[in-house]
1. Has the range 110-118 got at least one residue that is more than 23 Å from Gly163 (Cα to Cα), out of contact with any Leu (no Cβ under 9 Å at 6 or more places or on another chain), assigned by TED's automatic domain parsing to the domain that holds Glu169 and assigned to a loop (DSSP other than H, G, I, E, B)?
2. With respect to Asp46, determine if the residue is among the charged types (D, E, K, R) and in contact (Cβ under 8 Å) with a residue 40 or more places away in the chain.
3. Name the single residue, out of those in the range 154-178 being among the small types (Gly, Ala, Ser) and out of contact with any Gly (no Cβ under 9 Å at 6 or more places or on another chain), that is surrounded by the fewest Cβ atoms within 10 Å (Cβ to Cβ).
4. May I ask you to list the residues in the range 21-43 that are more than 21 Å from Val87 (Cβ to Cβ), of a type outside the set (A, V, I, L, M) and surrounded by fewer than 16 Cβ atoms within 10 Å (Cβ to Cβ)?
5. Taking into account only those residues within the range 84-104 that are modelled with pLDDT under 95 and over 15 Å from the mean Cα position of the chain (by Cα), which is surrounded by the most Cβ atoms within 10 Å (Cβ to Cβ)?
6. If you scan the range 105-117, which residues turn out to be surrounded by 14 or more Cβ atoms within 10 Å (Cβ to Cβ) and touching an Asp or Glu at 6+ places or on another chain (Cβ under 9 Å)?
7. Any idea which of (1) in a strand (DSSP E or B); (2) exposed (fewer than 11 other Cβ atoms within 10 Å of the Cβ) is the one Met181 doesn't satisfy?
8. Yes or no: the range 79-86 includes at least one residue that is among the aliphatic types (A, V, I, L, M), touching a residue at least 40 places away in the same chain (Cβ under 8 Å) and within 17 Å of Ile170 (Cα to Cα).
Amino acid sequence: MFSGIVEGTGRAHYSAGRLHVELPFEVKPGDSVAVNGACLTVVEFDGRIAAFDVGEETLRRTNLRGAKVVNLERALKLGERLDGHIVTGHVDGTVRFLTARSSRNTTLMAFEMPAERWGVAEKGSIALNGVSLTVARVESNRFWVQVIPYTLEKTNLGLLRPGKKVNYEIDVLARYVKRIMEAGT
């Protein structure tokens, strides 16, 4: 489990079922790391570069195959403060970045609406490339998030260009509320 508060970025390279990522922190084999929001297990670490085996389901749902710079976060430890929102690391899919508008100390970024449009609500949480964000506005075919300069600088969101795909994870609480509503309980 993660918080969506990115600890840093690292260069990544995918080849033959394995993702190699430069890490800004120490890990050991068996540790979980959110890589662009996808929960992956460290299989090797040489003190600088970690290797992760990446399954076909993960490759199908994420942007990891072609990612060059990825957001990174180590798993939460029980008893730690939760600054973002609960992020499972189970990426739902990808959406395209559409546009950005800057004004003073904030940037509004628009993304295409995911298939799970029921999970995108104004003032609700969403994880994009593993970053915990609040939905600022919802339109019929897109949604907007507000991003502060610190987040643009410390994550790969500032590197996005229109058309680039980002991983998204619908808020887990919204997912369970939907399930309860569908069950009629």
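1. Checking the range 110-118: not a single residue is more than 23 Å from Gly163 (Cα to Cα), out of contact with any Leu (no Cβ under 9 Å at 6 or more places or on another chain), assigned by TED's automatic domain parsing to the domain that holds Glu169 and assigned to a loop (DSSP other than H, G, I, E, B).
2. Working: among the charged types (D, E, K, R): yes; in contact (Cβ under 8 Å) with a residue 40 or more places away in the chain: no.
It is false that Asp46 is among the charged types (D, E, K, R) and in contact (Cβ under 8 Å) with a residue 40 or more places away in the chain.
3. Within the range 154-178, the subset among the small types (Gly, Ala, Ser) is 158, 163, 174.
Now narrow it down to the ones that are out of contact with any Gly (no Cβ under 9 Å at 6 or more places or on another chain): 158, 163.
Working: Gly158: 15, Gly163: 8.
Within the range 154-178, the match that is surrounded by the fewest Cβ atoms within 10 Å (Cβ to Cβ) is Gly163.
4. Step one: filter the range 21-43 for residues more than 21 Å from Val87 (Cβ to Cβ), giving 22, 26, 28-29, 43.
Then drop every residue that is not of a type outside the set (A, V, I, L, M), which leaves 22, 26, 28-29.
Answer for the range 21-43, where residues must be more than 21 Å from Val87 (Cβ to Cβ), of a type outside the set (A, V, I, L, M) and surrounded by fewer than 16 Cβ atoms within 10 Å (Cβ to Cβ): Glu26, Lys28, Pro29.
5. Going through the qualifying residues, I end up with Ser102.
6. Ala110, Met113, Pro114, Glu116
7. For Met181, the failing item is (1).
8. First, pick out the residues of the range 79-86 that are among the aliphatic types (A, V, I, L, M): 82, 86.
Subset that is touching a residue at least 40 places away in the same chain (Cβ under 8 Å): 82, 86.
The next check asks that each one be within 17 Å of Ile170 (Cα to Cα); those that pass are 86.
Checked the range 79-86: at least one residue is among the aliphatic types (A, V, I, L, M), touching a residue at least 40 places away in the same chain (Cβ under 8 Å) and within 17 Å of Ile170 (Cα to Cα).
The values are calculated or read from the model by the stated rules, or taken from the named source; none is laboratory data. Since this is a predicted model, take the numbers as computed values, not measurements. Counting neighbours? That spans all protein chains shown, and the Cβs are built from the backbone with ideal geometry, glycine included.
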